Amino acid sequence: MSRATVSAPSNIAFVKYWGARDRQRALPYHPSISMTLETCRSLTTVEVRDDAGGDEVWLAAEGGELAPAPAEFARRVLGHLDALRQELGLAGADAPRFRVATRNSFPAAAGLASSASGFAALACAVARALGRSPDPAELSLLARASGSGSAARSVLGGFVEWPADGDPAAPATQLAPAAHWPLVDLIAILDPGPKAVSSLEGHRRAPTSPHFAARLAAVPERLGEVRQAIRDRDLAALGPILERDAIELHAVAMTSEPPIFYWLPATLQVLAAVRELRREGIAAFSTMDAGANVHVICERGDEATVADRLAALSPVRRILHDRAGDGPRLEEGSLL
Ligand code: DP6
């Protein structure tokens, strides 16, 4: 029996993917740029079955116990396994079947999307369990086959652009490794619940917003500025762009048909606190994915000050400290 255990990180986008030409294949309207994280990870073991059983999906608890995965989660994992067999040329009646067990390093109730890390880990673990060693470009396409575009970025470390050359079907590429710029991401957890509307549904609704075309028109210049700011390690240049891009994504969501409101009143409170920090001369900038929680990007030297300020806000339930990280890795041991 052959198996592999892989941990893969989540990522936070500076220019975000919002709106898909083809949601099943995760073909975006425009490229996105993200920073791969270090601490928020999914750990996944994949075992190639040597009996006649079908695919199985388990959630692994901290202590090692396994529980059947909830139906919706299992459905997405099983769908990705089918897509991976297809991509790897293994479709057919005698194609391999897998047992999968997974868990996240970050608290389950943190309200953080785990699909980027989860599907990146699944793609890498399936490939390794089959004895393959795909390069990062192939891994990116395998992760994207899950339907999660952000997973296509999580197979690479550091600062990542996807798709790389404007071709929506192209894989992600690395702009710079994590060591180039050890930026910090302080994640203020405001809402531990699952998001009310999935990103996939958000991608479907995005083009119905009158502001979608305006964001699309602004993205090419923004991508160039973000690449340059990363090259120069210039947070004063990067910060205002990443904050604006997140606000525009939410403006598109709020004006989609029907509208999607991911923010809570507490989200605005954190945004105001971050602006206040800037008035005091501290370079901290906010970004939000499809949810209410706020990621605050700053340099290492300001991490403690920014974290203290966020912790003092009453709706902040906890703060996760993360930073630029190196991408997926093979792990010892097994969750199965
Ligand atoms: C707002 O389709 O990758 O995070 O599968 O839920 O992770 P999930 O979403 P996906 O869309 C990502 C949407 C986003 C922006 C981003 O990460 O680029």
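The values are calculated or read from the model by the stated rules, or taken from the named source; none is laboratory data. These numbers were taken from a predicted model, which means no experiment stands behind them. All Cβ positions, glycine included, derive from the backbone under ideal geometry; neighbour counts span all protein chains shown.
Screening SER105 against (1) within 16 Å of the ligand (Cβ to nearest atom); (2) touching a residue at least 60 places away in the same chain (Cβ under 8 Å) leaves a single unmet condition, (1). Restricting attention to the range 290-322, the residues that are of a type in the set (S, T, N, Q) and either in a helix (DSSP H, G or I) or more than 17 Å from TRP263 (Cα to Cα) (or both) total 1. Sub-6 Å Cβ pairs linking a first residue in the range 179-200 that is closer than 20 Å to GLY239 by Cα to a second residue that is assigned to a loop (DSSP other than H, G, I, E, B) and more than 15 Å from the ligand (Cβ to nearest atom), at least 6 apart or interchain, are TRP181/ARG233; ALA188/VAL316, ordered by first then second residue. Considering (1) touching a residue at least 60 places away in the same chain (Cβ under 8 Å); (2) surrounded by fewer than 14 Cβ atoms within 10 Å (Cβ to Cβ), the lone condition that VAL316 does not fulfil carries the number (2). Per the listing SER150, SER146, SER117, the residue uniquely of a type in the set (Gly, Ala, Ser), within 10 Å of the ligand (Cβ to nearest atom), within 13 Å of the chain's Cα centre (by Cα) and part of a loop (DSSP other than H, G, I, E, B) is SER146. Residues of the range 179-200 being at pLDDT 95 or above, over 22 Å from VAL294 (Cβ atoms) and within 20 Å of the chain's Cα centre (by Cα), which ones? ALA179, the sole residue that qualifies. Just wondering, is there one or more residues in the range 191-200 that are within 16 Å of the ligand (Cβ to nearest atom), buried (at least 24 other Cβ atoms within 10 Å of the Cβ) and of a type in the set (Lys, Arg)? Scanning the range 191-200, I find no residue that is within 16 Å of the ligand (Cβ to nearest atom), buried (at least 24 other Cβ atoms within 10 Å of the Cβ) and of a type in the set (Lys, Arg), so the answer is no. One residue alone among VAL126, VAL155, VAL197, VAL160 is of a type in the set (Val, Ile, Thr), over 30 Å from VAL48 (Cα atoms) and in contact with a strand residue (DSSP E or B) (Cβ under 8 Å, 6 or more places away or on another chain), and that residue is VAL160.
For the subset of the range 154-180 comprising residues that are under 12 Å from ASP326 (Cα atoms) and either crowded, with 24+ Cβ neighbours inside 10 Å or of a type in the set (Val, Ile, Thr) (or both), which member is farthest from the ligand (Cβ to nearest atom)? Selected residue: GLY157. Go through (1) part of a helix (DSSP H, G or I); (2) more than 16 Å from the ligand (Cβ to nearest atom) and name the single condition LEU90 misses. Against the list (1) part of a helix (DSSP H, G or I); (2) more than 16 Å from the ligand (Cβ to nearest atom), LEU90 comes up short only on (1).
Scanning the range 8-37 for residues that are over 15 Å from ILE241 (Cβ atoms), part of a strand (DSSP E or B), near the ligand (Cβ under 8 Å from one of its atoms) and touching a Phe, Trp or Tyr at 6+ places or on another chain (Cβ under 8 Å) yields a count of 1. Being under 23 Å from GLY157 (Cβ atoms), touching a residue at least 40 places away in the same chain (Cβ under 8 Å) and over 24 Å from the mean Cα position of the chain (by Cα) is the requirement here; does GLY325 meet it? Spelling it out, it is not the case that GLY325 is under 23 Å from GLY157 (Cβ atoms), touching a residue at least 40 places away in the same chain (Cβ under 8 Å) and over 24 Å from the mean Cα position of the chain (by Cα).
Go through the range 8-27 residue by residue and tally those that are surrounded by fewer than 21 Cβ atoms within 10 Å (Cβ to Cβ) and either closer than 19 Å to ALA290 by Cα or touching a helix residue (DSSP H, G or I) at 6+ places or on another chain (Cβ under 7 Å) (or both). The number of residues fulfilling the criteria is 5.
Of the residues making up the range 279-313, just one is of a type in the set (D, E, K, R), surrounded by fewer than 16 Cβ atoms within 10 Å (Cβ to Cβ) and touching a strand residue (DSSP E or B) at 6+ places or on another chain (Cβ under 9 Å), namely ARG300. Residue count for the range 202-217 under the criterion of being outside any loop (DSSP other than H, G, I, E, B) and either surrounded by fewer than 16 Cβ atoms within 10 Å (Cβ to Cβ) or at positive phi (or both): the result is 5. Among residues of the range 38-50 being surrounded by 21 or more Cβ atoms within 10 Å (Cβ to Cβ) and of a type outside the set (S, T, N, Q), the one that is farthest from the ligand (Cβ to nearest atom) is GLU47.
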